[in-house]
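J.: Here it is, the structure, as structure tokens.
The values are calculated or read from the model by the stated rules, or taken from the named source; none is laboratory data. Predicted, not measured: the structure shown is a model, and the values here were computed from it. Cβ sites come from the backbone with ideal geometry, for glycine too, and all protein chains shown count toward neighbours. Remember, those area values only see protein heavy atoms, side chains included, never the ligands or the DNA or RNA. Shrake-Rupley method; radii C 1.70, N 1.55, O 1.52, S 1.80 Å.
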Amino acid sequence: MADRAARLLAAAWLLSLAGCSLGGAPAGLPLRIEISHVVGDAPLQLGNTYRTAAGDSWSAERLRYYLSNFRLRRADGSWFVNPQSADSSRGYFLVDEADGASKQFQIGPVPAGSYSGLEFLVGVDAARNGAGAQTGTLDPARGMFWTWNTGYIFFQFDGHSPQSGDAEHALSYHVGGGGGATAHSVFLPLPAPVEVTADTSAELHLHADLARLFDGAHALHPASLFTAMDAAAAAQIADNSAGLYRIDHVHRLPKAGLAEGS
Amino acid sequence: MKRSTLLGLLALPLSAALIAAPWAHALIAARATPQLQVPHGWPAPHYNFAANPVTPAGFALGRRLFYDPILSRDGSVSCGNCHQQFAAFAHLDHRVSHGIGGVNGKRNTPGLFNLAWQPELMWDGSVHQLELQPVAPISNPLEMGGSLALAVDKLRGDASYPRLFAAAFGSPGVDSQRLLRALAQFTGTLVSADSHYDRAMQGREAFTPQEHAGLDLFREHCAACHREPLFSDFSYRNNGLDAAPRDAGRALVSGHPGDQGLFRVPSLRNVALTAPYMHDGRYDSLQQVLDHYTSGIQSSPTLDPLLANGITLNAGQRRALLAFLDSLTDDSFIHDRRFAQPHD
């Protein structure tokens, strides 16, 4: 475990070096990713009531999750691997529905090229999950960390459902990485190749459809599944959490637009 | 007598001069700072200090934090309240931990030593890395009752900690990583390897014939689980305490029904100091522990096969085994001033 972690950390370090490129100038432009949480076609509203296909009601109070290990697939099948570094949380994003700024972030610098797909983990890779105390988005003080089986909470959905078997009708869906659980990987093909050049990049606008949390690969029923805090109980939620995402649209972004950082 | 006074008089101004010199400070501080040294014949440790090198200021900070109730919600409980040096950092006379507001936890407080060699921590192995262990007691409502974020906030607002953190890590800033790394510099260097047993193994002291007989019995009946030199193989096992375990133990972490009632094989170093015994502190004495192994083993589906038939010991063998267990006490460890509560 420690050995594998060390190797992966070393690899991450090499990657981070590669990301800096020669002479310190970034070897490309950043690529922006924006995420909107939706239910079907409408933006998710915390506290609103929605229905599952089976007719159960649910509402969301809190939605937070990690995305990490971004890769971009080139048209020729090779990959750009987003740099991560062992001594910071660079490349690990904590998305929080209640925090607008967390739903827009940048990966890269991305070398010029033509890209056909986006890949990422919903959660944190096993090496970093089992490593020591971290900072930034991975700071355990952010509350996305389990102590009864140490590791990050990959995906956290807290809400209510009148059908929930909990005394307070709560829904607590926590997918976690305790004990080296593996985070699910998501691959999204891009609708058309995205060109990154010396002076143009792109913004990939992702939709995460919470309806698919209940009606995804598995149909979840709040009456029987209302609390999941361990790997076995959360297995179906974990599967569904990886099926929320799609590319809604892609913007071309001139270099100047990126510099504004808006 | 006279000569030594004379020498003392000569030494006095000399040592005063030494203490005044800044390099001497560094020297004295460095000598006072433990490092993780791997005792002869021990395996490589699991916790690696490469990313968290032990420094005098870092260790001193970790030690101070360990004994400071500031880490608990209401400033009433420190790590050192439950982990007492004279008990090899266990909690003497407390069956289960006694935390904030006087509430009882559900498990017995283990001694703290040789933690860097433990692949996982806690009775059920719920903590996978030493640095992250303090998050558990700090945020446990039955122990220190707070949160990591709250502890960091309190340290940031404290009159002296920001300066101590800057000294320990070379730049200003109090964050959870630094807090956890400083604590690991303290807990990870608590090495206990200087018991009578260790010195006998190194040929520096001799076992009595009774202790020697105890060692032979130990190797025959106990060492398969309590493996030398750390006196644990760090596996999870059911040693037959209950027919129907009240605490699911390892199964809580692994989720496997076959792990019901399994707990980590605890180290037996300093065992004479760490009463009461077992994950729930049910036995007050080592006599009772031996009674358990000879006549109290409860059968259950997860009972370890090694104990299926109990262990047979006559009165003389019991005395020999107890004498051997006593030889595992490391007096220099429990009196090591570097690990004691700082007075400043």
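J.: Can you name the residue in region B:148-199 that is surrounded by fewer than 18 Cβ atoms within 10 Å (Cβ to Cβ) and under 24 Å from the mean Cα position of the chain (by Cα) and, of all such residues, is nearest to B:ALA340 (Cα to Cα)?
T.: My answer is B:ASP194.
J.: Can A:ARG71 be described as within 14 Å of chain B (Cβ to nearest Cβ) and not in a loop (DSSP other than H, G, I, E, B)?
T.: no
J.: Return yes when B:PHE218 is more than 12 Å from chain A (Cβ to nearest Cβ), over 30 Å from B:LEU71 (Cα atoms), touching a residue at least 12 places away in the same chain (Cβ under 8 Å) and open to solvent by less than 10 Å² (accessible area, probe 1.4 Å) and no when it is not.
T.: Yes.
J.: Looking at region A:104-125, which of its residues are touching a Ser or Thr at 6+ places or on another chain (Cβ under 6 Å) and over 27 Å from A:LEU44 (Cβ atoms)?
T.: A:ALA112
J.: Taking A:ARG90 as the residue in question, decide whether it is open to solvent by 10 Å² or more (accessible area, probe 1.4 Å) and not in a loop (DSSP other than H, G, I, E, B).
T.: So A:ARG90 does not fit the description; no.
J.: Scan (1) buried (at least 21 other Cβ atoms within 10 Å of the Cβ); (2) within 14 Å of chain A (Cβ to nearest Cβ) for the single condition B:SER97 breaks and write down its number.
T.: The one condition B:SER97 does not meet is (2).
J.: If a residue must be open to solvent by less than 40 Å² (accessible area, probe 1.4 Å), more than 7 Å from chain A (Cβ to nearest Cβ) and out of contact with any strand residue (DSSP E or B) (no Cβ under 7 Å at 6 or more places or on another chain), how many such residues does region B:118-147 contain?
T.: 7
J.: Considering region A:116-163 alone, what residues qualify as being more than 11 Å from chain B (Cβ to nearest Cβ) and open to solvent by 20 Å² or more (accessible area, probe 1.4 Å)?
T.: Once the filter is applied, which keeps residues that are more than 11 Å from chain B (Cβ to nearest Cβ) and open to solvent by 20 Å² or more (accessible area, probe 1.4 Å), region A:116-163 yields A:SER116, A:GLU119, A:LEU121, A:ASP125, A:THR137, A:ASP158, A:HIS160, A:PRO162, A:GLN163.
J.: Another question about this same structure. Go through the residues of region B:225-238 one by one and say whether even a single one is of a type in the set (S, T, N, Q), in contact (Cβ under 8 Å) with a residue 24 or more places away in the chain and buried (at least 20 other Cβ atoms within 10 Å of the Cβ).
T.: Step one: of region B:225-238, the residues of a type in the set (S, T, N, Q) are B:232, B:235, B:238.
Of the ones still in play, those that are also in contact (Cβ under 8 Å) with a residue 24 or more places away in the chain are B:232, B:235, B:238.
With the extra rule that they be buried (at least 20 other Cβ atoms within 10 Å of the Cβ), the set shrinks to B:238.
Looking for residues that are of a type in the set (S, T, N, Q), in contact (Cβ under 8 Å) with a residue 24 or more places away in the chain and buried (at least 20 other Cβ atoms within 10 Å of the Cβ), one finds at least one in region B:225-238, hence yes.
J.: Go through (1) free of Cβ contacts under 8 Å to residues at least 60 places away in the same chain; (2) over 19 Å from the mean Cα position of the chain (by Cα); (3) assigned to a loop (DSSP other than H, G, I, E, B); (4) away from chain B (no Cβ under 14 Å) one by one and return the number of the condition A:PRO222 breaks.
T.: Evaluating A:PRO222 over (1) free of Cβ contacts under 8 Å to residues at least 60 places away in the same chain; (2) over 19 Å from the mean Cα position of the chain (by Cα); (3) assigned to a loop (DSSP other than H, G, I, E, B); (4) away from chain B (no Cβ under 14 Å) leaves (1) as the failure.
J.: Out of the residues in region B:149-205 that are without any contact (Cβ under 8 Å) to a residue 60 or more places away in the chain and of a type in the set (Val, Ile, Thr), state the one that is farthest from B:PHE89 (Cα to Cα).
T.: Filtering first and then ranking leaves B:VAL174.
J.: Kindly indicate which of A:ALA133, A:ALA101, A:ALA141 is free of Cβ contacts under 8 Å to residues at least 12 places away in the same chain and touching a Ser or Thr at 6+ places or on another chain (Cβ under 6 Å).
T.: Details: A:ALA133 fails: touching a Ser or Thr at 6+ places or on another chain (Cβ under 6 Å); A:ALA101 fails: touching a Ser or Thr at 6+ places or on another chain (Cβ under 6 Å).
Answer to the check: A:ALA141.
J.: Moving to a separate point now. Among residues belonging to region B:239-253 that are within 14 Å of another protein chain (Cβ to nearest Cβ) and either in contact with a Pro (Cβ under 7 Å, 6 or more places away or on another chain) or surrounded by fewer than 21 Cβ atoms within 10 Å (Cβ to Cβ) (or both), point out the one that is farthest from A:GLY178 (Cα to Cα).
T.: Let us first name the residues in region B:239-253 that are within 14 Å of another protein chain (Cβ to nearest Cβ), namely B:247-253.
If we keep only those that are either in contact with a Pro (Cβ under 7 Å, 6 or more places away or on another chain) or surrounded by fewer than 21 Cβ atoms within 10 Å (Cβ to Cβ) (or both) too, we end up with B:247-248, B:251-252.
Details: B:ASP247: 20, B:ALA248: 17, B:ALA251: 13, B:LEU252: 12 Å.
Checked region B:239-253; the qualifying residue farthest from A:GLY178 (Cα to Cα) is B:ASP247.
J.: Please list, ordered by first then second residue, the pairs with beta carbon atoms under 7 Å, 6 or more apart or interchain, first in region B:42-57 and more than 9 Å from every other protein chain (Cβ to nearest Cβ) and in a helix (DSSP H, G or I), second at pLDDT 95 or above and open to solvent by less than 40 Å² (accessible area, probe 1.4 Å).
T.: Pairs found: B:PHE49/B:GLY188; B:ALA57/B:ALA168.
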